[in-house]
1. Would you confirm, using the coordinates I've provided, whether residue 173 is out of contact with any Cys (no Cβ under 6 Å at 6 or more places or on another chain) and either at pLDDT 95 or above or crowded, with 19+ Cβ neighbours inside 10 Å (or both)?
2. Could you run through the range 1-37 and say how many residues are at pLDDT below 95 and either on the phi > 0 side of the Ramachandran plot or away from ligand 2 (no atom under 15 Å from the Cβ) (or both)?
3. Any idea how many residues of the range 241-257 are open to solvent by less than 10 Å² (accessible area, probe 1.4 Å) and either at pLDDT below 95 or over 16 Å from residue 187 (Cα atoms) (or both)?
4. If the Cβ limit is 6 Å and pairs must be 6+ apart or interchain, which residue in the range 286-314 that is part of a loop (DSSP other than H, G, I, E, B) pairs with which residue that is β-branched (Val, Ile, Thr)?
5. Of the residues that sit in the range 208-224 and are assigned to a helix (DSSP H, G or I) and more than 9 Å from ligand 2 (Cβ to nearest atom), which one is surrounded by the most Cβ atoms within 10 Å (Cβ to Cβ)?
6. For the range 54-65, check the following and say yes or no: at least one residue is within 21 Å of residue 129 (Cα to Cα) and in a loop (DSSP other than H, G, I, E, B).
7. Would you pick out the residues in the range 441-477 that are of a type in the set (Gly, Ala, Ser) and open to solvent by 60 Å² or more (accessible area, probe 1.4 Å)?
Amino acid sequence: MSLTLYNTLTRELQTFKPLIPGKAGFYGCGPTVYNYAHIGNLRAYVTHDILSRTLRRSGLELYHVMNITDVGHLSGDNDEGDDKMLKSAEERGKSVLEVADFYTQAFFHDTERLNIKKPNVICKATGHISDMIALIKRIEDNGYTYFSGGNLYFDISKFPHYGELARLRLSGLKAGARTGVDGNKRNPEDFVLWFTKSKFENQALVWESPWGKGYPGWHIECSAMSIKYLGEQFDIHAGGIDHINIHHTNEIAQSEAATGKHPWVQFWLHNEFLVLDKGKMSKASGGFITLQSLVDAGYDPLDYRYFLLGAHYRSPLQFSWESLDGARNARKALLDRLRALADKAGSIKNPGSGIDRESGAGAYLAAFDRAIEDDLSTPRALAEMWRLLRDTKLESSEALAVVFEMDSVLGLNLKADAEGAAELSAEFVQEIEELITQRSAAKKVKDFARADAIRQSLKERGIILEDGPGGTRWRRS
Ligand code: AMP
Ligand code: ZN
């Protein structure tokens, strides 16, 4: 297998070669847990999931690390604006940690529904303050910092590689000469490593440090935690394109200033944005779409996953309900086709083993692998799967075996879904539909005890009912 990835650092497609043969170390920037993830954020995590699954499929032993940001992230990535966690806690009348816990759980509920595999390590910023302080100390000892106005800053003029990832042309202006920039900064691009004099009077979370009581800047958490779990140099770091100019640029500066090793990370991968007709989807501006709002509108979370796979991760993707409908119909057609194949094959459980990659269905698998290994081209990979499904000359059990193999990367849960639906008898499906009708009638006359009893009895038989504006839908638990 030869995996090619687009590396933002070199702006080129490069063959992926891990630093340690047979292993891959991957750090993906995780969510800031002050609100629900919107479906744009979830695009980033589906991309990370496709990458992880591809690395594993290529035979590598993957070590995937993701952080949870629960402190230090201001609304401007360059130390300006409100503290996102604090503002959210105040608005909701909760503590910062309550808010963080709630939205962390909501995040994992979403990623599970999208069939995203959990990283090997999930690390919270607030659980790693001592690692951050130790890393900042190394940066300070190496002469890259200054203390000003109560905060410890990183001095970018001391770091010759600054801005290489983003190909930044530095302004060269004194910070004070530019309006809106923190006057304590020597250069406009300098950034805070440690805040001691909080900008916010009621800062909830503070820790003792060599620079006084305070809290870390946002960027240091990713440097500290990735180095802790993956070592001073590792293979891949990923996030959305909005992170290139500031967050990832600053992470590189801090990490290399601390360790003296260059390059810190071999491959930088960035997903493009999901956009609405109105433009960028943003957590802070509100009015964003969550996965739950798609479920409430009657979609299966995997319809959204299918929708995302239809675009390459480096292309901007416009969200619309019409295109989501298209994805839903395509996924339904896919499941129907699999069930038909399963019927023909007799059993879906043992679809055959030993795939010959030279001929028959196996040749489609080889083409699928070539597509996914070409910078994770999910649209082409999906097209290869459809080519196979349309080939009526193939032996059914072999075709199924290959589709399930492809799904180890696509993550559409095809085996379980096809199996689930294939195994339900027509009589049972009819009974479910009848019970749903009876339950709606009970609800109409406010007989909620009866409605709940129906829901419960179906649950005990492995059927979950989900109510939405379009009516009640059922699925297997
Ligand atoms: P945050 O929770 O704001 O730190 O963002 C989580 C991840 O979502 C980051 O990798 C962002 O780069 C990414 N992201 C934010 N907005 C979008 C969007 N509209 N489309 C795709 N990725 C996004
Ligand atoms: Zn990060």
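The values are calculated or read from the model by the stated rules, or taken from the named source; none is laboratory data. Bear in mind the structure is a predicted one, so any value in this text is a computation, not a measurement. Cβ coordinates were reconstructed from backbone atoms using ideal geometry, including for glycine residues, and neighbour counts include every protein chain displayed. Heads up: the accessible areas ignore ligands, DNA and RNA and are worked out on the full protein's heavy atoms, side chains in. Shrake-Rupley method; radii C 1.70, N 1.55, O 1.52, S 1.80 Å.
1. Answer is no for this residue.
2. Residues in the range 1-37 being at pLDDT below 95 and either on the phi > 0 side of the Ramachandran plot or away from ligand 2 (no atom under 15 Å from the Cβ) (or both): 5 in total.
3. Step one: filter the range 241-257 for residues open to solvent by less than 10 Å² (accessible area, probe 1.4 Å), giving 247-251, 253-255, 257.
Restricting the remaining residues to those that are either at pLDDT below 95 or over 16 Å from residue 187 (Cα atoms) (or both) gives 247-248, 251, 255, 257.
Selection size over the range 241-257: 5.
4. That search, which allows pairs on different chains as well, returns 289/39; 313/47.
5. In the first step, residues of the range 208-224 are kept if they are assigned to a helix (DSSP H, G or I); the result is 219-224.
Now restrict to residues that are more than 9 Å from ligand 2 (Cβ to nearest atom): 220, 224.
Values: 220: 29, 224: 27.
Of everything passing the filter in the range 208-224, 220 is surrounded by the most Cβ atoms within 10 Å (Cβ to Cβ).
6. For the range 54-65, residues within 21 Å of residue 129 (Cα to Cα) and in a loop (DSSP other than H, G, I, E, B): absent.
7. Applying the first criterion (of a type in the set (Gly, Ala, Ser)) to the range 441-477 yields 441-442, 449, 451, 453, 457, 462, 468, 470-471, 477.
Of everything in the range 441-477, those that are of a type in the set (Gly, Ala, Ser) and open to solvent by 60 Å² or more (accessible area, probe 1.4 Å) turn out to be 449, 470, 477.
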